[in-house]
Amino acid sequence: ERFRTPEGCAHGVKCYNQLMQRDAVCDRCLVAETYRTNQPVSRETRVSGGRIVQAHTFPIKDQDRLVGVVEYIKDVTDQRMLEQQLIQTEKLTSLGEMISGVAHELNNPLTVIVGFAELLMRQDIPPPVRESIANIHGESLRSKKIIENVLHFSRRRPAERVLSDLN
């Protein structure tokens, strides 16, 4: 927090020197805008070193006459980084849920393919056809295993197998 007058900061530190590493007032100076409008001004901006700050200026009035400006500057870099991490985490969660849904949808037709391949292999069929059906069966089982791994990875806890009474 600093009290500023049109001549500069009461503490002798100018924000454009300290934060922006400049020798002159910024084009969009909040203090100048507050003097011009007699209204509080807020802005978030990136400063030297890649930090992100929120700057707020508030007019100080003696009755109706503007006599100074209070400038409050807060570094919000860590907060913005945490917000970005949260957004990324939410995206990954959504992606995991979507992949889980797709895996379930793929699992159903693969179960049918595996079942029919097993039924066909029990038939008396020529060896070249049997070999092709065996390939279909093997690759279908391999695909089911991949899907099981995806589902296992996307679950929050391992799947449990329990006995159920069908009656």
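The values are calculated or read from the model by the stated rules, or taken from the named source; none is laboratory data. Keep in mind it's a predicted model, so treat the numbers as computed, not measured. Please note: Cβ atoms are built from the backbone with ideal geometry, for glycine as well, and neighbour counts cover all protein chains shown. Keep in mind that these areas ignore ligands, DNA and RNA; they rest on the heavy atoms of the full protein, side chains included. Shrake-Rupley method; radii C 1.70, N 1.55, O 1.52, S 1.80 Å.
I need a count of the residues in the stretch 38-81 that are of a type in the set (D, E, K, R) and either within 27 Å of the chain's Cα centre (by Cα) or part of a helix (DSSP H, G or I) (or both).
Total meeting the criteria: 8.
Among the numbered conditions (1) of a type in the set (A, V, I, L, M, F, W, C); (2) surrounded by 10 or more Cβ atoms within 10 Å (Cβ to Cβ); (3) over 36 Å from the mean Cα position of the chain (by Cα), tell me where Leu106 comes up short.
Unmet for Leu106, out of (1) of a type in the set (A, V, I, L, M, F, W, C); (2) surrounded by 10 or more Cβ atoms within 10 Å (Cβ to Cβ); (3) over 36 Å from the mean Cα position of the chain (by Cα): (3).
Take the stretch 116-167 and flag every residue that is of a type in the set (A, V, I, L, M), surrounded by 10 or more Cβ atoms within 10 Å (Cβ to Cβ) and not in a helix (DSSP H, G or I).
Ile125
Restricting the stretch 42-66 to residues that are open to solvent by less than 50 Å² (accessible area, probe 1.4 Å) and in contact with a Pro (Cβ under 9 Å, 6 or more places away or on another chain), which is farthest from Arg22 (Cα to Cα)?
Residue satisfying both the conditions and the ranking: Leu66.
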